[in-house]
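Enquirer: Let me begin by handing over the structure; questions about it come next.
The values are calculated or read from the model by the stated rules, or taken from the named source; none is laboratory data. Keep in mind that this is a model prediction, so the values were computed, not measured. Reconstructed Cβ throughout: ideal geometry from the backbone, glycine too, with neighbour counts over all protein chains shown.
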Amino acid sequence: MTCTVSDLPAMGLLSPNSLVFAKYWGSLPKVGLLPDRQLFAPEDVRSILRNFVILEIVSPEEVRFRLAGTAEADRYGRDVTGLNYMDFVDPARRPKAHGAFQAMAATPCGMVATIQSKSSAGLDFINEAIGFPFSQGDGQTPLLYFQSNTLTDYSFHDAYEDRLAEHTRVTRRFFIDIGAGIPDFSD
């Protein structure tokens, strides 16, 4: 399934924050197809700021959390800034996860993924993540900004005692055409 940013309201996004971020990204001035990372103004998205993640593709084995909001610290049970996202992905899924991030950077395009995760105590969580690339300068791989929203209500759950252990599978993924088409990618 593919769409453009203007199609997103009809695409059945599960979190209202996803649409807020998509509209914000769409409103930013672009050089080519991407906004410069310096244009990201946290005060403009204050209501969803705690759910942001910025990822940097370092290698096929490493996709580093450059920044993780406070909701992400709550979800993972610790601040994950500086850690490798791939360490939280089921080893069998790592090549696909890296491929999806690489596709976003190379094409470039946006992506929506619904991700099932498991805590260290075995609880299942569902998360919707929507991401878009931001330029970080000539010749550099774009940074990937994600709005990441837990859809499962486990308000009784203490993530600091029972940490998110692993992203086990993607139940839905589609790419968003921002002007360069979409990648040839399947889960």
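Enquirer: State all residues of segment 50-88 that are of a type in the set (Ser, Thr, Tyr) and over 17 Å from ILE115 (Cα atoms); if no residue qualifies, say none.
Expert: If the condition is that a residue be of a type in the set (Ser, Thr, Tyr) and over 17 Å from ILE115 (Cα atoms), then SER59, THR70, THR81 are the ones that fit.
Enquirer: State all residues of segment 87-98 that are under 27 Å from LEU33 (Cα atoms) and either surrounded by 15 or more Cβ atoms within 10 Å (Cβ to Cβ) or among the β-branched types (Val, Ile, Thr) (or both); if no residue qualifies, say none.
Expert: If the condition is that a residue be under 27 Å from LEU33 (Cα atoms) and either surrounded by 15 or more Cβ atoms within 10 Å (Cβ to Cβ) or among the β-branched types (Val, Ile, Thr) (or both), then LYS96, ALA97, HIS98 are the ones that fit.
Enquirer: Further question: Would you mention how many residues in segment 37-86 are acidic (Asp, Glu) and within 12 Å of the chain's Cα centre (by Cα)?
Expert: 2
Enquirer: Got a sec? Which of PHE134, PHE174 is in contact with a strand residue (DSSP E or B) (Cβ under 8 Å, 6 or more places away or on another chain) and modelled with pLDDT of 95 or more?
Expert: PHE134
Enquirer: Which residue pairs have Cβ atoms closer than 6 Å, lie 6 or more positions apart in sequence or on different chains, and pair a first residue in segment 158-182 that is part of a loop (DSSP other than H, G, I, E, B) with a second residue that is surrounded by 13 or more Cβ atoms within 10 Å (Cβ to Cβ) and at pLDDT below 80?
Expert: Pairs that qualify, where the first residue is part of a loop (DSSP other than H, G, I, E, B) and the partner is surrounded by 13 or more Cβ atoms within 10 Å (Cβ to Cβ) and at pLDDT below 80, are ILE182/THR2.
Enquirer: Determine if segment 108-127 includes at least one residue that is more than 17 Å from PRO142 (Cβ to Cβ), among the small types (Gly, Ala, Ser), outside any strand (DSSP E or B) and modelled with pLDDT of 95 or more.
Expert: No, segment 108-127 contains no residue that is more than 17 Å from PRO142 (Cβ to Cβ), among the small types (Gly, Ala, Ser), outside any strand (DSSP E or B) and modelled with pLDDT of 95 or more.
Enquirer: Quick check: is even one residue across segment 136-153 outside any loop (DSSP other than H, G, I, E, B), surrounded by fewer than 17 Cβ atoms within 10 Å (Cβ to Cβ), at negative phi and of a type in the set (A, V, I, L, M)?
Expert: No, there is no match, as no residue in segment 136-153 is outside any loop (DSSP other than H, G, I, E, B), surrounded by fewer than 17 Cβ atoms within 10 Å (Cβ to Cβ), at negative phi and of a type in the set (A, V, I, L, M).
Enquirer: Working only within segment 111-138, note down all residues that are under 20 Å from ALA180 (Cβ atoms), more than 14 Å from the chain's Cα centre (by Cα) and not charged (D, E, K, R).
Expert: Residues satisfying the conditions are SER135, GLN136, GLY137.
Enquirer: I'm trying to understand the selection: among the residues of segment 28-69, which are touching a Leu at 6+ places or on another chain (Cβ under 7 Å), in a loop (DSSP other than H, G, I, E, B) and either surrounded by fewer than 18 Cβ atoms within 10 Å (Cβ to Cβ) or of a type in the set (A, V, I, L, M) (or both)?
Expert: Result: LEU28, PRO29.
Enquirer: Quick one: how many residues across segment 65-84 are modelled with pLDDT of 90 or more, under 12 Å from LEU164 (Cα atoms) and aromatic (Phe, Trp, Tyr)?
Expert: Number of matching residues: 0.
Enquirer: When the residues of segment 13-33 are filtered to those that are farther than 18 Å from ILE115 by Cβ and small (Gly, Ala, Ser), which remaining residue is modelled with the lowest pLDDT?
Expert: Checking each candidate, the answer is GLY32.
Enquirer: Output yes when any residue across segment 98-112 is more than 23 Å from PHE174 (Cβ to Cβ), in contact (Cβ under 8 Å) with a residue 12 or more places away in the chain and of a type in the set (Gly, Ala, Ser), and no when none is.
Expert: Looking for residues that are more than 23 Å from PHE174 (Cβ to Cβ), in contact (Cβ under 8 Å) with a residue 12 or more places away in the chain and of a type in the set (Gly, Ala, Ser), one finds none in segment 98-112, hence no.
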